[in-house]
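In what follows, a structure is listed as structure tokens, so that the remarks can point back to it.
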Amino acid sequence: MTKHEPETAEELLDAVGPAFGKLRRSSLLEVENPISQKDLSRTLVLNVILEAEAGDDAREVTVGAVAEHLGTDPSVASRMVSDCISAGYLIRAASQQDGRRTVLHLSPEGKELMARFRRHQRAAYDYITADWSERDRLDLARLMLKYVASQEALRRR
């Protein structure tokens, strides 16, 4: 049984959404130093903090900001953050802007997990696209980054 390949522009564009849904699951491929499913879900939270700390306008991140960024209920985000803290990947601290507020920072272990996750993502990309031309591999990378930048611009509107 062969899969139906999109033939028209409409079919191709309709297939993009489901394809994006499969991307995260595919990162669990057996590559060197695999990330556990539990740590893979933790990287969702850690990435929010990592991106905020790395930005030009480094911002403080609260549980509420994590919930907003992930599109989850604050209680779900709170449980996710608590799990990351229990695992040793996050540290709670007083805000430097408002001492009544608690903000989140990556611990050294959290930074190491994210570095390992980035290596894992790269290895998965290299494995998946191994038989692609260099041009196709770079085109996809460039277009994916462009897509994500456009998505972020929409979020900030």
Open item on the list: For Cα pairs less than 8 Å apart in space and 6+ apart in sequence, what is the mean separation divided by the residue count of region 67-157, i.e. the relative contact order in percent?
Closed with: 14
Task: Relative contact order for the chain, counting Cα pairs under 8 Å that sit 6 or more residues apart, in percent - done: 20
Task: Mean ellipticity per residue at 222 nm, deg cm²/dmol - from DSSP H runs of n ≥ 4 across the chain, formula -39500 (n - 2.57) - done: -21500 deg cm²/dmol
Open item on the list: Rg over Rh of region 59-98, using C-alpha atoms and the Kirkwood radius, what does it come to?
Closed with: 0.97
Open item on the list: Counting only pairs 8 or more residues apart or on different chains, how many lysine pairs in the chain have their Cα atoms under 22 Å apart?
Closed with: 4
TODO: First measure r as the distance between the Cβ atoms of Ala94 and Ala149, then evaluate 1/(1 + (r/R0)^6) with R0 = 35 Å and state the FRET efficiency to the nearest 0.05.
DONE: 0.60
- [ ] Among the trypsin sites (Lys or Arg not before Pro) in region 52-126, which ones are in a DSSP loop with at most 14 other Cβ atoms within 10 Å of the Cβ? Mind listing them?
- [x] Arg59, Arg100, Arg101
TODO: Work out which helices of the chain, taken as complete DSSP H runs, extend at least 24 Å along their axis over the Cα atoms and score a mean Kyte-Doolittle of -0.5 or more, then list them.
DONE: 9-26, 37-54
TODO: Match the structure shown to one of the listed values [x] 1.13; [y] 1.02; [z] 0.95 of Rg/Rh (Cα atoms, Kirkwood Rh), computed from it, and give that label.
DONE: [y]
TODO: Could you list which residues have their amide H under 5 Å from that of Arg101, counting only those 5 or more apart in sequence or on another chain, with H placed in the peptide plane?
DONE: Ser95
- [ ] Show the residues, 5+ positions off or on another chain, whose built amide H is closer than 5 Å to the amide H of Ser107.
- [x] Leu90, Ile91
TODO: Keeping the other protein chains in place, figure out the carbon and sulfur percent of the accessible area of region 5-157, with a 1.4 Å probe.
DONE: 55
Task: Full-extension gain in nm, Asp131 to Ser75, via 0.36 nm per residue minus C-alpha separation - done: 15.8 nm
Open item on the list: Please compute the modelled spin-label separation between Ala87 and Asp14, points set 7 Å along Cα→Cβ, answer in nm with one decimal.
Closed with: 3.8
Task: Test item: Cα-centred dipole of the chain, Lys/Arg +1 and Asp/Glu -1 on Cβ, debye - done: 540
- [ ] Would you mind getting the accessible area per residue of the chain, heavy atoms of the protein chains only, 1.4 Å probe, in Å²?
- [x] 71
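The values are calculated or read from the model by the stated rules, or taken from the named source; none is laboratory data. Computed from a predicted model, the values in this text were never measured in an experiment. Cβ coordinates were reconstructed from backbone atoms using ideal geometry, including for glycine residues, and neighbour counts include every protein chain displayed. Quick note on the areas: whole protein, heavy atoms, side chains included, nothing else; ligands and nucleic acids left out. Shrake-Rupley method; radii C 1.70, N 1.55, O 1.52, S 1.80 Å.
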